[in-house]
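The numbers here are math on the coordinates, done by the rules we state, and not lab data. Because the structure is a prediction, the values reported are computed rather than measured. Quick reminder, even Gly has a Cβ in these numbers, built from the backbone with ideal geometry, and neighbours come from all protein chains shown.
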Amino acid sequence: MHLSRYFLPVLRETPKEAEIVSHQYMLRAGMVKQASAGIYSWLPMGLRVLNKIADIVREEQNRAGAIEVLMPTIQSADLWRESGRYDDYGKEMLRIQDRQERDMLYGPTNEELITQIFRDSVKSYRDLPRNLYHIQWKFRDEIRPRFGVMRGREFLMKDAYSFDLSEEDGRKSYNRMFAAYLRTFARMGLKSIPMNAETGPIGGDLSHEFIILAETGESQVYGHQDLFDGDIPPADLDFYGDLTPVVDQWTSLYAATDEMHDAARFEAEVPADKQVSARGIEVGHIFFFGTKYSDPMGCRVQTPDGDMANIQMGSYGVGISRLAGAIIEACHDDKGIKWPVPVAPFEVGLINLKAGDEGTDTACGAVYEQFTNAGIEILYDDTNERAGGKFATMDLIGLPYQIVIGPKGLKDGQAEVTDRQTGAQESISLDTVANVIAKRVKQQRLLV
Ligand code: 5CA
């Protein structure tokens, strides 16, 4: 992509309304634009990141055996009356009427709709277990939308729903999502810690929030230091085998969000030098709630004995749009974002220091083509802006590798390469730079 033909409305000044660094950088780097309170348009740079996050989530859901569907954003109120949640949900739910004055709503979550889909088509225990998920926009009329996409009113969520015959099997489905989430966040360069959490309006008595630490996080969390050094489950994990060792490894040590925190237990179970009390961002939340929806909504199957049984269910959310902000909170410096390769909007940024100069244009054009042919996503700054501005923009948008070509280096046949993550700089010959950097990028695409 040539920057001269791209749509990248960067801001030099920090917008006053943005309180935290991820919100500031997302606005300044032209990733999003507020449409109204807590509602955002995703501009090209932001959309590329959002799509990459969604792709990683999708890949890991599929790996864990979940099956993708797509449900609508608008739902019928009658369905929510069946579960009893229509009245319970309160003001966070955006309620609307169609022209026939039928009550509709913009979905804040999808337990009811997926339960209806499942109950109308599945009749036998032989069709279990199943896990269906979708990636869809949600609306919650949050009392305090803030921090940009972190607490939006409209936000993109992955929500998965598991269906099992017995509670024991339901817990196995829960464990599959538990392990999948550890991998999912690790692939984005994040260290997430599963913590005992409250279930709120979703319900049930088993729940974990996946938290990444960040000073600007909205949750106060408590945990054992050793959790931060735990191994991530490998890609070849057998998701239908015994996952209890993985879950035990992460749940045997103390970890709880504020609402579930027990100060006396924390003191008793965690040595003083291992006690972590910090702020965190909730990037995912999983629930097991048994028959809370299947019972009132009549979602039943025939058991092997010929009886009818309510299906055991769980639901599993990932905040996809929130993650774009959360990753920035975890990966930035005072000049801008430092994207991990797997979620970077482009993998390489190429700066032409003297656009219009024939020699420099030719050298840049050749390097650009080599990267493109190698399958690397590259943004080429071919504009006439002065060098200082180009460097500032490149640092702000945070592409993992910056390649600078100008008349000076050209004389020696060299490009200057900066690794945005480490700050390391090196000169690499123009002939080999695309090869060398393409290889590094490809190695870093799969962090786990
Ligand atoms: N039905 C369940 C699981 S699918 C559910 O809705 N869980 S949730 O309420 O915890 O939301 C799942 C995830 O969505 C959260 O962990 C969080 O990462 C994200 N999320 C929730 N509310 C918002 C919001 N207002 N803005 C951005 N992301 C949000």
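Observations, loosely collected:
- Between 0 and 90°, nearest 10: helix 387-397 axis offset from the chain longest Cα axis: 10
- Using the Cβ-Cβ distance between Ser166 and Ser277 with R0 = 51 Å, the FRET efficiency computed as 1/(1 + (r/R0)^6) comes to roughly 0.85.
- Note on the stretch 353-448: Kirkwood radius taken over Cα pairs, Stokes-Einstein applied at 37 °C and 0.692 mPa s, translational D equal to 239 µm² s⁻¹.
- Each residue of the stretch 136-153 was assigned a 3J(HN,Hα) from its phi angle through the Karplus curve 6.51 cos²θ - 1.76 cosθ + 1.60 (θ = phi - 60°); the sequence is 8, 5, 10, 10, 9, 7, 4, 5, 10, x, 7, 6, x, 6, 5, 10, x, 9 Hz, with glycine and proline shown as x.
- Of all DSSP-defined beta bridges confined to the chain, some 85% are antiparallel rather than parallel.
- Prolate/oblate/rounded call for the stretch 145-195, Cα gyration tensor, a/c under 1.5 rounded: oblate
- In the chain, a dipole from Cβ-located charges (positive for Lys and Arg, negative for Asp and Glu) runs towards its positive end, and of Ile212, Asn352, Trp339 it is Asn352 whose Cα lies farthest in that direction.
- Computed lengthening from Asn373 to Gln97, 0.36 nm per intervening residue step minus Cα-Cα distance: 94.2 nm
- Glu269-Thr244 FRET efficiency (beta carbon distance; Förster radius 25 Å; 0.05 resolution): 0.80
- For the chain, with +1 on Lys and Arg beta carbons and -1 on Asp and Glu, the positive-most of Val301, Ala160, Gln421 along the dipole: Gln421
- DSSP-loop chymotrypsin sites (Phe, Trp or Tyr not before Pro) across the stretch 169-263, with at most 11 other Cβ within 10 angstrom: Tyr240
- Gyration tensor (alpha-carbon) shape descriptor, the stretch 244-347, a/c threshold 1.5: oblate
- Karplus-based coupling profile of the stretch 118-132, in residue order and whole Hz: 5, 5, 6, 10, 10, 10, 10, 4, 5, 8, 10, x, 9, 9, 10, with θ = phi - 60° in 6.51 cos²θ - 1.76 cosθ + 1.60 and x standing for Gly or Pro.
- The length gained by stretching the chain between Gln225 and Glu426 to full extension, at 0.36 nm per residue less their Cα-Cα distance, is 68.7 nm.
- Taking a ≥ b ≥ c as the square roots of the Cα gyration tensor eigenvalues, the stretch 344-398 comes out oblate, since a/c reaches at least 1.5 and a/b does not exceed b/c.
- Ranking Ala256, Gly314, Val276 by how far each Cα lies toward the positive end of the dipole of the stretch 224-324 (charges on Cβ) leaves Gly314 at the top.
- Neighbourhood charge, 11 Å Cβ-Cβ cut-off, centred on Ala324 and excluding it, Lys, Arg +1 and Asp, Glu -1: +2
- Here the stretch 349-448 is assigned +1 on the Cβ of each Lys and Arg and -1 on the Cβ of each Asp and Glu. Its dipole about the Cα centre then comes out at about 340 debye.
- By average C-beta atoms within 10 angstrom, highest first, the peptides 35-46, 391-402: 391-402, 35-46
- Note on the chain: helix-only mean residue ellipticity at 222 nm, from DSSP H runs of 4+ residues weighted -39500 (n - 2.57) and normalised by residue number, equals -9500 deg cm²/dmol.
- Here r is the Cβ-Cβ distance between Ala366 and Leu70 and R0 is 41 Å; the resulting FRET efficiency, rounded to 0.05, is 0.45.
- Net lengthening on full extension, Asp357/Asp87 (0.36 nm per residue, minus Cα-Cα): 90.5 nm
- Total formal charge among the other residues, if their Cβ is under 14 angstrom from that of Glu209, Lys/Arg +1 and Asp/Glu -1: -3
- Relative contact order of the stretch 282-418, pairs being alpha-carbon contacts under 8 Å that are 6 or more residues apart, as %: 23
- Computed magnitude of the charge dipole of the chain (debye, nearest 20; Cβ of K, R +1, Cβ of D, E -1): 1220
- Sparsely packed trypsin sites (Lys or Arg not before Pro) within the stretch 368-418, loop by DSSP, other Cβ within 10 Å at most 15: Arg386
- This model, with +1 at the C-beta of Lys and Arg and -1 at the C-beta of Asp and Glu, gives the stretch 182-273 a dipole about its Cα centre of some 300 debye.
- Values of log10 I(q)/I(0), in the order q = 0.08, 0.10 Å⁻¹, for the chain under a Debye, Cα-only, solvent-free model: -0.53, -0.78
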